[in-house]
Amino acid sequence: MSQKEPGFDELLAAARHSAVHLEMRDSYGVGDEAADFENWRRTGQRDVDPASGYWAPWVDLMRDTVARGVIVRRARVVSEPVTEYIRYEHAGTGVNLYAGEQVRWLPRRRASDISLPGNDCWVFDGEIVLFNHFAGDGSWSEPGWEVRSEPAVAALASAAFEEVWDRGVPHEKYSV
């Protein structure tokens, strides 16, 4: 990854009409959510306050993005029965919706015939793909992301997202 490669914030700021996120892992171990996840594991209570220090930066970013006319969608491919981590994600997804995102869930068994990219990704305007790179334990691996703009790569990631989205269950109707 070159130092000139744009990051998520720059790519999202440049998006004109769409930003879609395809998530395919059953567990993540990202440091900035570790304390919230551990609290949820201990208490069963998830921070769902959009104004909290945990959520406010994301909520503000998504609300600003949606206000610019960018449609933000998130699709999650999950194994069933779901993992503890997916139950945690599901418990907080109401805040994503509050912020303006649309979210759907697709049971992995219904994705067997979809050509999926090898990594989670964001696709901006159907043209630029930011692949997220994770280690086996769900933590960020180096480099943490890779930006690709080749038309074939963008087409693959976009088509995969749309197929998952079309088959996915809206958050309000998906229970864990």
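The values are calculated or read from the model by the stated rules, or taken from the named source; none is laboratory data. Keep in mind that what you see is a predicted model, and the values were worked out from it rather than measured. Please note: Cβ atoms are built from the backbone with ideal geometry, for glycine as well, and neighbour counts cover all protein chains shown.
Couple of notes before you dig in:
- Out of Val103, Val123, Val176, Val147, sole residue that is at pLDDT 95 or above, in contact with a His (Cβ under 7 Å, 6 or more places away or on another chain) and within 24 Å of Asp64 (Cα to Cα): Val103
- Any chance Gly92 is touching a Lys or Arg at 6+ places or on another chain (Cβ under 8 Å), outside any loop (DSSP other than H, G, I, E, B) and within 20 Å of Phe37 (Cα to Cα): yes
- Any hit, segment 102-116, residues being under 23 Å from Gly31 (Cβ atoms), out of contact with any Lys or Arg (no Cβ under 8 Å at 6 or more places or on another chain) and part of a loop (DSSP other than H, G, I, E, B): no
- Lone unmet requirement of (1) in a loop (DSSP other than H, G, I, E, B); (2) surrounded by 15 or more Cβ atoms within 10 Å (Cβ to Cβ); (3) touching a strand residue (DSSP E or B) at 6+ places or on another chain (Cβ under 7 Å) for Val82: (3)
- In segment 11-40, the residues that are of a type in the set (D, E, K, R), under 16 Å from Leu130 (Cβ atoms) and surrounded by 12 or more Cβ atoms within 10 Å (Cβ to Cβ): Glu23, Arg25
- Within segment 119-142, the set of residues being farther than 20 Å from Thr83 by Cα, part of a loop (DSSP other than H, G, I, E, B) and within 17 Å of the chain's Cα centre (by Cα) comprises Asp125, Gly126.
- Across segment 143-176, the qualifying residues are those that are in a strand (DSSP E or B) and out of contact with any Lys or Arg (no Cβ under 9 Å at 6 or more places or on another chain), and the one among them that is surrounded by the fewest Cβ atoms within 10 Å (Cβ to Cβ) is Pro143.
- Scanning segment 1-48 for residues that are part of a loop (DSSP other than H, G, I, E, B) and free of Cβ contacts under 8 Å to residues at least 12 places away in the same chain yields Ser2, Gln3, Lys4, Gly44, Gln45.
- Residue check for Asp125: of a type in the set (Asp, Glu), without any contact (Cβ under 8 Å) to a residue 24 or more places away in the chain and more than 24 Å from Gly29 (Cβ to Cβ): no
- Segment 128-142, subset surrounded by 13 or more Cβ atoms within 10 Å (Cβ to Cβ) and touching a residue at least 60 places away in the same chain (Cβ under 8 Å), residue nearest to Ala15 (Cα to Cα): Ile128
- Hey, Thr43 farther than 14 Å from Trp105 by Cα, modelled with pLDDT of 95 or more, within 19 Å of the chain's Cα centre (by Cα) and not hydrophobic (A, V, I, L, M, F, W, C) or not: no
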